[in-house]
Structures are given as C-alpha cells and as structure tokens.
1. Search segment 269-280 for residues being open to solvent by 70 Å² or more (accessible area, probe 1.4 Å) and not aliphatic (A, V, I, L, M), and hand back the single one that is farthest from A105 (Cα to Cα).
2. I'm checking my understanding of the structure. Among residues of segment 329-348 that are at pLDDT 95 or above and not in a helix (DSSP H, G or I), which one is farthest from the chain's Cα centre (by Cα)?
3. Quick test for you: out of R79, R104, pick the one residue that is open to solvent by 60 Å² or more (accessible area, probe 1.4 Å) and touching a Pro at 6+ places or on another chain (Cβ under 9 Å).
4. Can you tell me which residue in segment 190-215 is most open to solvent (accessible area, probe 1.4 Å), limited to those that are over 19 Å from D345 (Cβ atoms) and hydrophobic (A, V, I, L, M, F, W, C)?
5. Out of (1) surrounded by 17 or more Cβ atoms within 10 Å (Cβ to Cβ); (2) hydrophobic (A, V, I, L, M, F, W, C); (3) in contact with an Asp or Glu (Cβ under 8 Å, 6 or more places away or on another chain), what's the single condition that is false for C97?
6. Among the residues of segment 327-344 satisfying the criterion of being hydroxyl-bearing (S, T, Y) and touching a residue at least 60 places away in the same chain (Cβ under 8 Å), which is surrounded by the most Cβ atoms within 10 Å (Cβ to Cβ)?
7. Could you check segment 284-306 and list, in sequence order, the residues that are in contact with a strand residue (DSSP E or B) (Cβ under 8 Å, 6 or more places away or on another chain) and either closer than 24 Å to P113 by Cβ or part of a strand (DSSP E or B) (or both)?
8. Determine if segment 47-63 includes at least one residue that is open to solvent by 10 Å² or more (accessible area, probe 1.4 Å), at pLDDT 95 or above and over 19 Å from C154 (Cα atoms).
Amino acid sequence: MKAVVFQGVDEPLAVENVDRPECEADGVVVETEACGICRSDWHAWQGDWDWIGLVPSPGLIFGHEPVGRVVEVGENVDRVSEGDRVTNPFNLSDGTCPHCRAGRANICERSVPMGFVPFQQGAFAEEYPVRNADQNLVQVPDAVDPAEVAGLGCRFATAFHGVVHRVDVTAGDWVAVHGCGGVGLSAIHVASALGANVIAVDIAADKLAMAEEVGAVETVDATAVDDVPQAVKAYTERSRGVAVSVDALGVAETVQNSVNSLGKGGQHLQIGMTTSDEAGEIAVPIDTMVTDEREFYGSYGMPPNEYDEIFRMMTAGTIDPGTIVTETCSLEDVPDVMDRLGEYDTLGIPVCTEF
C-alpha cells in the first residue's frame, strides 16, 4: 500500500509502497477515507518534543486525525464490524487505568500517541491500524462527510474538550483566543456556539477574517497594537479582562499575552504545544495569578466518550467543523502541505481525502 514515510528530522517526506498493517487480536485495520494534516505532525517531523519523549524514527507513518471504514477485525473485538465507519482519538488508551475508568481516557497512564511511535503507525496511508479497538473506536454517522470528521482526532477535539469540559464558558462570557490556526479557529467556533463573545488574536489578516466567519465578534491584530492584553481587555466591561483566555499557539509571547488578558478569577486554557525555542518551558506571571486567583488549565485531546456530544451538536446545526476545513489534497500532496505548515500561513485545517 502507499504511505507517506518519515525519513529523518527535517528530511523530505517520501511517498512509498509499504506493507499493509497487521491486525492485532484486540485491534482493527481501517481503510482511510480522510486524515487531517496537523501541525503536530510538523512538530514531530522537525524534531520537536523530544523533551516529552517523542522521538520519531525513520520509517514512521504520521497522521493522527483519521476517519475510515473497518476492513479487518481482530478476534477479541466486539463493538465494531467490517464496513463500519469509524474515527478515534490520537492518544489511544487502554481502558484500564484509573483515569480511563473515571472517563478521562485522553490522559490514560499507558496512552499511545497514534502516528508518533513505530508500534502505532498513523493514517497517512491507504490503511491504518487501531489498537484496543473496543476502547478507542468511535462510530461515525454515515451522513457526516469524512472531511468534516478528519479534524476531530486532534485539533477540533482538543479545542472542544478544553472549551466545553476543562474551563467554564457560559453564554455572555468574554473569551479570547490567541492564535487562529486550526485549533484556535476550532476553539473560537466552539466558544461561540456556547454563546460566548469571542475575541480573536493573530498577526495575519486572513486568519482574523476567518475567525470572524466562524464566530469571533472582535479581532485584535497583534502587529497593530503595542499591548495585546490591553487591546483585548478594552473590549470587556470596564476593561476588566476576559473570563477565559486560550493560547492556541504555544510560543512564549502568546502564552503570556493570554494569561495577561484575564480578569480576576479568570481561566487560562493552554492548547498549543511549544517548539524547540521554548522546549516546554515558558515563564508566566505567578504572583499576579496568585493574587487574582487566575487558573491555568491544559487540554490534551479528547476521550472517546465525548465524541457523541460533537455529533449531536453537528446534527443540531450548533457547530460545523467542516467550516474550518479549507483545503483537501491527495496522499501524494501531503509532503508539500506539511512543508507549508512551517511557514505558518496555512489557513484553517488541510485534509487528505484521496488515497
């Protein structure tokens, strides 16, 4: 089968013929219908994240935002059958640890990141495997376009889990989102669907324009103001600051701007992961966070049990993840799209739909 194969850090990705995946007793093999092309793939390709133990080796197949049809089922799998359309979280859980049993499988003690380790290849391929299928697979309604689902494995799901389940966003709240890439636009869309007044912050006019299309009521061009937090606060009542602020980029400046945009008792939600420039460490104003009782939250993927909420909201027309999908491509185009991610000018979510 054809697959996009990692050759080494910053080496050109190659489309190669590889062996199809083997089906484990507790797993399945899925024929790929679509897979999102995520900045997390780009980070791994660039050699980021060795500080959290992710060191890809040559031969790896990236791709962790998939949807497809089951074509082979392991003997110990009960919940899915051949022909079912499925998706899954990128962080595959085992279902047995205390976090899994508490409904927080996204932080499973033995989670396996799909497409980042050689023993769990990803979905930039004609077929991909999923371990612990009964635990990790999510049935996808046939009426849903595969491209709309392809962002759910990581960007949209992480934003949804964070905005809906990690922080407290209610109708009428002011919410700031710093960084309007795929995950930032997703956070804007979800917060808007909850009735929040969303302020989008970015340095690119086209991304700010798209932020308005998916729900932002105000925008801040970070290149046009001297003080981003004050520009954000100016939109809030008596410039008190926002109730929730989201960093969707993971660089020191945007993290600090996000924390400093909060009002007293505000909540910061960290979705963006850092690059080698920060290597996982960013200074934040601790004393102000203490005296203002500001709170800091992280969001890492989404447990399988929360997907039904997304599908219900999609059916009701409350959210539309498809509005953030701006580009589709073939498997052969994936290396070029990945290369463009390094320029930070990709708009929305690109998705591979031709295999």
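1. That would be D277.
2. Among residues in segment 329-348 that are at pLDDT 95 or above and not in a helix (DSSP H, G or I), the one farthest from the chain's Cα centre (by Cα) is S330.
3. The match here is R104.
4. L194
5. So the condition that C97 fails would be (1).
6. T328
7. E295, F296, Y297, G298, S299, Y300, G301, P304
8. Yes.
The values are calculated or read from the model by the stated rules, or taken from the named source; none is laboratory data. In this text, all values refer to a predicted model and were calculated from it rather than measured experimentally. When we count neighbours, we look across all protein chains shown, and the Cβ atoms used for this are built from the backbone with ideal geometry, even at glycine. Remember, those area values only see protein heavy atoms, side chains included, never the ligands or the DNA or RNA. Shrake-Rupley method; radii C 1.70, N 1.55, O 1.52, S 1.80 Å.
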